[in-house]
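A short reminder: the numbers here are calculations on the coordinates, not readings from a lab. Worth saying up front: this structure is predicted, and the values here are computed from it rather than measured. Every residue, glycine among them, receives a Cβ derived from its backbone with ideal geometry; neighbour counts consider all protein chains shown.
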Amino acid sequence: MVDAQTKMQFMFALRAAGVTDAKVLAAMEKVPRHDFVQGHFAPRAYEDLAIPIASGQTISQPSIVGKMTAALNVQPRDKVLEIGTGSGYQAAILSHLARRVYTIERHRGLARDARRLIDEMRLVNVIVMTGDGSQGLADQAPFDRILLTAAAEDPPANLLAQLRVGGIMVLPVGQTDAVQHLIKVEKTENGFEYTELEPVRFVPLVEGVAQEP
Ligand code: SAH
């Protein structure tokens, strides 16, 4: 549970940090972030911080989640692909904005935990999969929107190919230990248009499924 005042301060901090899209704010208000943060970090779930999760990964900073979601400009009929399920928090937010959300995670344990939470929340339009997201999901392509929550050196060619004409992809690009930038890619009939949004820091996109128990 989260008390009303904590939630109100959280929403205020999101706005102050530049998340102004009303639909995105409404979706974020519906998703209990504390359920996606385990252990002794749980009390800090409503601070604007990235927080460690299992398998050495992180749940992204809420204001960045908000800005990425706004940049994606999700429409109610959209089929969305997210790469990097992590805790499942971002996927839960997308579920309130899109028709269907496919989310891929390379760590089986993270995918399993995220799936359990998403099922408990009855977010029936979210499909959590274990796999190498850099390959995309050819079966379900094309996608209206694609969101990467792990940093690639360049937008992966497979994902650009799986974006619908008129579609939008948002991702962090750059090397892990250098400055990364959030970029927005729009696919048009004549090619791709790129917009640089802001500097960010994400875990890297790693190829292949993680080998672990
Ligand atoms: N969206 C997440 C943030 C997760 S951090 C959330 O809301 O909590 C990024 C995640 O991307 C990590 O869990 C990492 O394991 C995953 N990842 C990295 N490379 C990947 C790949 N090639 N395919 C699928 N997931 C990947």
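In straight-distance terms, cross-link reach from LYS23 covers every one of the aspartates and glutamates whose alpha-carbon lies under 15 Å from its own, apart from those fewer than eight places away in the same chain; here that gives ASP78.
In the chain, the longest principal axis of the Cα atoms and the axis of helix 108-120 are about 60 degrees apart. Working note: Cα gyration tensor of the stretch 1-120, eigenvalues times five, square-rooted, sorted largest first, giving semi-axes of 20, 19, 12 Å. Cross-link partners of LYS187 among lysines, defined as those whose alpha carbon lies under 21 angstrom from its own and excluding same-chain residues fewer than eight positions apart: LYS67, LYS79.
A rounded overall shape is assigned to the stretch 4-200, the ratio a/c of its alpha-carbon gyration tensor axes (a ≥ b ≥ c) being less than 1.5.
Taking amide H as placed 1.01 Å from N in the peptide plane, the amide H of GLU198 sits under 5 Å from that of LEU182, each at least 5 places away or on another chain. Go through GLY86, ALA141, PRO32 and say which Cα lies farthest out towards the positive end of the charge dipole of the stretch 4-200; charges sit on Cβ, +1 for Lys and Arg, -1 for Asp and Glu. Highest projection toward the positive end goes to PRO32. Against the chain, whose longest principal axis comes from its Cα atoms, helix 62-72 is set at around 30 degrees.
The GluC sites (Glu not before Pro) of the stretch 123-213 that meet both conditions, a loop assignment by DSSP and at most 16 other Cβ atoms within 10 Å of the site Cβ, are GLU153, GLU189, GLU207. Would you work out if the stretch 132-213 is rounded, prolate or oblate? Take a ≥ b ≥ c from the square roots of the eigenvalues of the alpha-carbon gyration tensor; rounded if a/c is under 1.5, else prolate when a/b is larger than b/c, oblate otherwise. Here the stretch 132-213 falls in the oblate category.
Per residue, the Cα convex hull of the stretch 46-112 amounts to 81 Å³.
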